[in-house]
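This report concerns only the one structure given below.
The values are calculated or read from the model by the stated rules, or taken from the named source; none is laboratory data. Keep in mind the model is a prediction, meaning the values are calculated, not measured. Here the Cβ positions follow ideal geometry from the backbone for every residue, glycine too, while neighbour counts run over all protein chains shown.
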Amino acid sequence: MRQTRHLLWRDAARHAFELRPMLLDQFRHEDFRGRRVLDVGTGEGRLAFVAAGIGGHVIGVDADRMKLQQARAYAGVKDIRRVDFVWGDVEKTSYHGFSSEPFDFITSNLCMSPEIVWHASHGLRPGGKFIFCCHHGDHWKETRRGSRWAFYEDTMEDLLGENRFEIEFMGVDTIVAEFEELREVELFLRDETIRKWVEDGRWEELSDSFARGEKHLTQSYLTVKARRLAHELPSVE
Ligand SMILES: C[S@@+](CC[C@H](N)C(=O)[O-])C[C@H]1O[C@@H](n2cnc3c(N)ncnc32)[C@H](O)[C@@H]1O
């Protein structure tokens, strides 16, 4: 499934940092009640709170202690039970370290790598689901710099297949924000993103793209739901 919308940047900004509806839809189609959930790269716990809100027993893991503190504080203030936040490196640590039992669901929003897919495969029970949203390869394509967190569909399909997953859903959700001038991009993006792009040359690439009359910025997300198989997939000749 592919959804692409072209929006004026002010309208695009309203949706820029929210959890993708396509990802939330995948949550709605599952029964999380009483299920063990691991949210990797949980940050301030946005997705963990969604899973806890629909009945999951959630552990959110992140390597950023400040974000974990924010997540715990929010859980405390809102009195959200069934959610714990723990420190861990989700690319290096076995997910068995977070629970004695395999997980029913592993979730992630914008934290993805081949290592995470491998660990998710080992941390889920057979039949368990891996539900995530990551950057698609087209994300910020005007800056001509791929991100290590971004994947095209075929690469992700291969990665999941190699790790004993069967894909149940894969969708790409793209928003192309349209601008009149480069100055507006400064209002659209976070200050830290602009700083990073100026340092690593992406701002210059974007500026060249605007100079050519291509005054837009693409945000593209890959949403996946995959089921952990008990056995290897048969190889296709
Ligand atoms: C873009 S943020 C997304 C946070 C959260 N999932 C959300 O949607 O709000 C990516 C998060 O992944 C975390 N992260 C990146 N690499 C990690 C790793 N190897 N182990 C644990 N956390 C990691 C970062 O600290 C950050 O909080």
Just name the residue that is surrounded by the fewest Cβ atoms within 10 Å (Cβ to Cβ) out of those in segment 54-104 that are in contact (Cβ under 8 Å) with a residue 60 or more places away in the chain and outside any loop (DSSP other than H, G, I, E, B).
PHE98
Of the conditions (1) closer than 27 Å to THR218 by Cα; (2) loosely packed, with under 15 Cβ neighbours inside 10 Å; (3) in contact with a strand residue (DSSP E or B) (Cβ under 8 Å, 6 or more places away or on another chain), the single one that GLY34 does not satisfy is (1)
Check on GLU44, near the ligand (Cβ under 10 Å from one of its atoms), assigned to a loop (DSSP other than H, G, I, E, B) and either modelled with pLDDT of 95 or more or of a type in the set (D, E, K, R) (or both):
yes
How do the pairs read when you match residues in segment 174-189 that are in contact (Cβ under 8 Å) with a residue 60 or more places away in the chain with residues anywhere that are among the small types (Gly, Ala, Ser), using Cβ under 6 Å and keeping only pairs 6 or more apart or on different chains?
THR174/SER220; ILE175/ALA12; ALA177/ALA12; PHE188/ALA13
Given the options PHE49, PHE17, name the one that is within 14 Å of the ligand (Cβ to nearest atom), crowded, with 17+ Cβ neighbours inside 10 Å, hydrophobic (A, V, I, L, M, F, W, C) and under 29 Å from TRP140 (Cβ atoms).
PHE49
Exclusive hit being surrounded by 14 or more Cβ atoms within 10 Å (Cβ to Cβ) and charged (D, E, K, R), set GLU166, GLU178
GLU178
